[in-house]
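Heads up, the thing below is written out as C-alpha cells.
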Amino acid sequence: RRLAMPRKPSNLDLYRADGKDEDKWERHLETRLRSYGIEFESQFNWVEHDRLAGLNYPKTPAGRPRRWTADFAILSARILIECDGAVWSGGGHTFGGGYTEDRRRDNEALCNGWKTVRVTSGQVESDEAIGWIVRLLGVK
C-alpha cells in the first residue's frame, strides 16, 4: 500500500497559514479605519482592478493575471494594507516560501503604483499601524 505524499502548499495556503490570528487583527484594523472615516475595500484583488482599468498588471508564467489580494485597499491613495499574523510562531509570512511570495507581491504592487503597508498583529493592537496609515493619508 502506498502512502500519499503530502501536497506542496499553494500560494493561497502560504498566505492563509495563520488565518485565524490574522482575521482577528484584520477586524480590529477595519474598526480603526472606520473610526477615522477612511474609505477602504477588504480582500481587494488589486491585480484584477488594474487589469479591468486597462493598466499594466502582473501575470503568472502562463500569462494569466495573478490572483493576489490585499487585506485592505485605500483606492484613493493606491495603498494596500497587509496584516501579518503569527509572526512569532512561524506563520505563513515568516518562512521562506511565504516570505518570498509576499515580497514578490509587494514589489509587483509597487511597480504598478501601489504602496504596501505591512503590519503585525502587535502593531495593529497598539494602534501603531493606524498611526502610519493616518500619516500616509494626511488625516487629522
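Since every read-out is calculated from the coordinates, none of them should be taken as a lab result. Remember, predicted model here, so these are calculated numbers, not experimental data. Note: ideal-geometry Cβ built from the backbone for every residue, glycine included; neighbour counts use all protein chains shown.
Please report the orientation-averaged projected area of segment 26-83, defined via the convex hull of its C-alpha atoms, in nm².
Working: hull surface 17.2 nm².
Its average projected convex-hull area is 4.3 nm².
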Within segment 19-62, which residues have the backbone N less than 14 Å from the label spot 7 Å out from LEU75 along Cα→beta-carbon, could you tell me? 39-54
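What FRET efficiency, computed as 1/(1 + (r/R0)^6) with R0 = 22 Å and r the Cβ-Cβ distance, is obtained for ARG118 and LEU55, rounded to the nearest 0.05?
Numbers: r = 23 Å, r/R0 = 1.03.
For R0 = 22 Å, the calculated efficiency reads 0.45.
For segment 100-140, what class follows from the C-alpha gyration tensor (a ≥ b ≥ c being the square roots of its eigenvalues): rounded when a/c is under 1.5, otherwise prolate if a/b is larger than b/c, else oblate?
Details: a/c = 6.32, a/b = 1.46, b/c = 4.34.
It comes out oblate by the Cα gyration axes.
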Under 13 Å by backbone N from the virtual spin label 7 Å along Cα-to-Cβ at GLU39, the residues of segment 67-83 are 74-78
